[in-house]
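See structure below.
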Amino acid sequence: MSIKAQKAAQKVLKSAGYNIPVDVEGIIQSYGIAIRSQPMEDSMSSMLVIKDGRALIGVNQAHPPTRQRFSLAHELGHFLLHGKLPRVFLDEATIFFRDEHAAEGNDLEEIEANTFAAELLMPEDVLRKMIRENPFDAFDERAVQRLAAQFEVSVQALTIRLTRLRLITA
């Protein structure tokens, strides 16, 4: 887990003043970044395009809303953490592509963007407090689904987050 990415997400949340579920679209728009839901290949979740000092996040409209929220938060992470780094330019636009290497979790920038997204959508302090106040059985599928629904994230994303925070064991 990247401390840099976690702290960046915490800073965004602090300045945004947030509720659960976090309004990721509102936060993105507060940075002047446009969002476009559009058709994409199923294997592509989202993309970030930076051109002429402006940014656009495209998200796969065919993916479930929970996946789209995570993808949006992931791209915001790229924008805030990696937006100034040199990139591959296609049609004079900077595009972050997901490849097999990144999908395997070996790419530091992808790990940072995922850490950022997880902290933004499922803040560690909020998760810890909720579980402390209302302990639940991680093997109770309905309990996990209810908690995921509160954060508007997938059960998979929540389970990964809880495991990484050692709030449950896999």
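Quick notes on this structure:
- Volume of the convex hull of the range 20-65 (Cα atoms only), normalised per residue: 72 Å³.
- Ordering of 131-138, 10-17, 116-123, 146-153 by packing is 116-123, 146-153, 10-17, 131-138, highest average first (other Cβ atoms within 10 Å, averaged per residue).
- Length added when fully stretched, E133-L165, from 0.36 nm per residue minus Cα-Cα: 9.8 nm
- Exposure proxy ranking, count of Cβ atoms within 10 Å, fewest first, for I33, I50: I50, I33
- Of all DSSP beta bridges in the chain, antiparallel share, percent nearest 5: 65
- The HN-Hα couplings worked out from phi for the range 24-39 by the Karplus form 6.51 cos²θ - 1.76 cosθ + 1.60 (θ = phi - 60°) are 5, 5, x, 5, 4, 5, 5, 8, x, 9, 7, 10, 10, 8, 8, x Hz, whole numbers, x standing for Gly and Pro.
- Relative contact order [Cα under 8 Å, 6+ residues apart], the chain, whole percent: 25
- Rounded to whole numbers, the Karplus 3J(HN,Hα) couplings from phi for the range 123-133 are x, 4, 5, 5, 4, 4, 5, 4, 6, 5, 6 Hz, using 6.51 cos²θ - 1.76 cosθ + 1.60 with θ = phi - 60°, and x at Gly and Pro.
Laboratory data are not the source of any read-out in this text; all were calculated from the coordinates shown. Computed from a predicted structure; not experimentally measured. Virtual Cβ from ideal backbone geometry, glycine too; neighbours counted across all protein chains shown.
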